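**Q** Structure incoming, see below.
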Amino acid sequence: MTTTVYDLESKKVASDTRWSIRTELSDGHEYIIYVDDCLFEKIADRESAVMVLAGQGNLIAQWKDWWYNSLDESNIPPVQDEKGVTAVSLMIIDKVTNSVLFDAGQKKALFCKFTSKMLSVFAGSGDLYAATCWDANRCSLTAVVSASKADYFTGPVTKYVSFESGESNLTGTCYDYKEIVEAILRGGYVMDLSKRPAANDVGVPLNTHQIQTEITDLIASGRVVASAPVPGLSSFEWNEEHKTKFTKAIQKVKQLEGIK
């Protein structure tokens, strides 16, 4: 899973980098196979807008490709997996006005109790931990790292985009799902949940683990998919109201960037 933060006060978005697979294998144990060192990131940045994503990795790959290379609001990528379950969470933010253009999927938000102004938005399995930390220290990156100490599915490596300064530590625009798969097989780790590891434990390297062959076969066959899923995402429905809001959001992005 994952943790993402939209910090309205500092005009910044941040996320972890962990992609993971949770599955039960032939030995009857439940495992998490994960990687933090991956060029495929959960933040997709454009000149005037940024999209923050979570969910099923192969679907996110299609969304990132569309975001960078298309923006055709009449032909958007799928939001459901092969079983018809919603498996993509996204948020589109106008970097110019520091405001949310579109949001799909469960989020948590903090508001000022005096002005009712929204201060920050959190998504993912580590959202509550991150929100608690952010409320205490007002730092989105620290909030993500804090969540990683309590949540198996959030990693300690952080990525960010700052709207005001233009600074970012994103490595590029990678939207190839194969990058996630190759990163896991090349440098992934394994946690055996039957042994109750701590959330911030470093697992055993996959390439030295006895389950390597089995998990490689599962990934190669597509029977398991790397993801950064969000709790409650499956209950979100892209109804006509959401589709209309989405179309308006993309039209706004095009307007900001002078795209016809």
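The values are calculated or read from the model by the stated rules, or taken from the named source; none is laboratory data. In this text, all values refer to a predicted model and were calculated from it rather than measured experimentally. Neighbour counts are summed over all protein chains in view; Cβ atoms, including those assigned to glycine, are modelled from backbone coordinates with ideal geometry.
**Q** Please go through the stretch 89-101 and give me each residue that is touching a residue at least 40 places away in the same chain (Cβ under 8 Å), on the phi < 0 side of the Ramachandran plot and not hydroxyl-bearing (S, T, Y), ordered by number.
**A** Answer for the stretch 89-101, where residues must be touching a residue at least 40 places away in the same chain (Cβ under 8 Å), on the phi < 0 side of the Ramachandran plot and not hydroxyl-bearing (S, T, Y): M91, I92, I93, D94, K95, V96, V100, L101.
**Q** Which is touching a residue at least 40 places away in the same chain (Cβ under 8 Å), surrounded by fewer than 20 Cβ atoms within 10 Å (Cβ to Cβ), farther than 22 Å from L185 by Cα and not small (G, A, S), of E47, E82?
**A** When all the criteria are applied, what remains is E47.
**Q** Another question, then. Which numbered condition in (1) on the phi < 0 side of the Ramachandran plot; (2) outside any loop (DSSP other than H, G, I, E, B) is the only one that L39 fails?
**A** For L39, the failing item is (2).
**Q** Kindly provide the set of residues from the stretch 212-260 that are over 16 Å from M51 (Cβ atoms) and of a type in the set (G, A, S), ordered by number.
**A** The answer is A220, S221, G222, A226, S227, G232, S234, S235, G258.
**Q** Yes or no: the stretch 232-254 includes at least one residue that is closer than 19 Å to T23 by Cβ and among the aliphatic types (A, V, I, L, M).
**A** Restricting attention to the stretch 232-254, the residues satisfying the condition of being closer than 19 Å to T23 by Cβ are 233-234.
Retained after the next criterion (residues that are among the aliphatic types (A, V, I, L, M)): 233.
Yes - at least one qualifying residue is present in the stretch 232-254.
**Q** Next question. Just the residues that are modelled with pLDDT of 95 or more, of a type in the set (A, V, I, L, M, F, W, C) and buried (at least 21 other Cβ atoms within 10 Å of the Cβ), please, taken from the stretch 64-79.
**A** Correct list: W67 only.
**Q** Considering each of V121, V145 in turn, give the residue that is β-branched (V, I, T), within 18 Å of L90 (Cβ to Cβ) and either under 14 Å from the mean Cα position of the chain (by Cα) or not in a strand (DSSP E or B) (or both).
**A** That would be V121, the only listed residue that is β-branched (V, I, T), within 18 Å of L90 (Cβ to Cβ) and either under 14 Å from the mean Cα position of the chain (by Cα) or not in a strand (DSSP E or B) (or both).
**Q** So, one more: So is G105 among the small types (G, A, S), more than 19 Å from N200 (Cβ to Cβ) and either at pLDDT 95 or above or surrounded by fewer than 16 Cβ atoms within 10 Å (Cβ to Cβ) (or both) or not?
**A** no
**Q** Considering each of Y160, Y152, Y129 in turn, give the residue that is within 21 Å of D45 (Cα to Cα) and surrounded by 17 or more Cβ atoms within 10 Å (Cβ to Cβ). Can you show your working first?
**A** Values: Y152 fails: within 21 Å of D45 (Cα to Cα); Y129 fails: within 21 Å of D45 (Cα to Cα).
Checking each option against the conditions leaves just Y160.
**Q** Right, here's the next one. So, of the residues in the stretch 229-257 that are hydroxyl-bearing (S, T, Y) and surrounded by 14 or more Cβ atoms within 10 Å (Cβ to Cβ), which turns out to be modelled with the lowest pLDDT?
**A** Within the stretch 229-257, the subset hydroxyl-bearing (S, T, Y) is 234-235, 244, 247.
Within this subset, residues satisfying the condition of being surrounded by 14 or more Cβ atoms within 10 Å (Cβ to Cβ) are 234, 247.
Values: S234: 69, T247: 96.
Looking at the filtered set, the residue picked out is S234.
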